[in-house]
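The values are calculated or read from the model by the stated rules, or taken from the named source; none is laboratory data. Given the structure is predicted, the values throughout are model-derived calculations rather than measurements. Note that each Cβ is placed from the backbone with ideal geometry, even for glycine, and that neighbours are counted across all protein chains shown. Protein only, heavy atoms only, side chains kept; ligands, DNA and RNA dropped before computing areas. Shrake-Rupley method; radii C 1.70, N 1.55, O 1.52, S 1.80 Å.
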Amino acid sequence: RYYPFEGPRYRFSRSGETVVLYWSLSSKTAKEALKTRPELADRVRALGEKTGDYLVEVVDAANGRMLGQALIETGEGSFAIEHVFADGDWLTVIDSENRVLVYSLKSGELRWRFFGEYAVVNSQQNIAIVENIPGQLAIYDLNTGQKTGEIAFANDIVYSSFSEDGTRFFVLSADQKY
């Protein structure tokens, strides 16, 4: 893809299968995109474009096909995107206010807000695991937004990931005991 005005900020998924591209909604690239996407332009009008909002596109990294898009409303710049990734239908934004925001790519709508600064999503099981206190993992059902369990570790979590088929969960703690 060629972006004549400004390139996006971007983040690849851990697997490298998807890339999330995002721009300030006030950027020239976002404004041009809204001209060709009436469904997004209608949502921007309904929300009212504010400083700090983002246009987000999720793209298949292998072929460049767009998988989904969303508008991220920031409350007039009250938070920024710290990290963002997509898995299945879920777009996950970790923001500068210690929150995990989960959007549906199909609808582009914000579905859930969880407190935490780290998260992994299992799209096969529709669950999110969020570290909301160092060493404490909360398990959330993405269909309902309800907390369904928790896992505690003696030290901070430095890495966690689901297996490709979504049946196993790996956690590495700072003391490397698990």
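For the stretch 38-56, name all the residues that are surrounded by 14 or more Cβ atoms within 10 Å (Cβ to Cβ) and in a loop (DSSP other than H, G, I, E, B).
Passing the criteria: GLU49, LYS50, GLY52, ASP53.
List every residue pair whose Cβ atoms lie under 7 Å apart, where the two residues are 6 or more positions apart in sequence or sit on different chains, the first residue falls within the stretch 63-84 and is farther than 23 Å from GLY116 by Cβ, and the second residue, located anywhere, is of a type in the set (S, T, N, Q).
LEU67/THR18; GLU76/THR51
Among the residues of the stretch 7-37 satisfying the criterion of being in a loop (DSSP other than H, G, I, E, B), over 19 Å from THR74 (Cα atoms) and open to solvent by 60 Å² or more (accessible area, probe 1.4 Å), which is modelled with the highest pLDDT?
GLU17
Quick one: GLY135 ticks every box in (1) over 16 Å from the mean Cα position of the chain (by Cα); (2) open to solvent by less than 50 Å² (accessible area, probe 1.4 Å); (3) closer than 18 Å to PHE12 by Cα except a single one, so which number is it?
(3)
Identify, please: which residue in the stretch 148-178 is open to solvent by less than 70 Å² (accessible area, probe 1.4 Å) and polar (S, T, N, Q) and is, among those, nearest to TYR118 (Cα to Cα)?
SER160
Tell me, yes or no, whether the stretch 95-109 has at least one residue that is touching a strand residue (DSSP E or B) at 6+ places or on another chain (Cβ under 7 Å), open to solvent by 20 Å² or more (accessible area, probe 1.4 Å), under 22 Å from SER15 (Cα atoms) and assigned to a strand (DSSP E or B).
The answer is no; no qualifying residue exists.
Which condition from (1) surrounded by 13 or more Cβ atoms within 10 Å (Cβ to Cβ); (2) free of Cβ contacts under 8 Å to residues at least 60 places away in the same chain; (3) closer than 21 Å to LEU21 by Cα is the one that ASP87 breaks?
(2)
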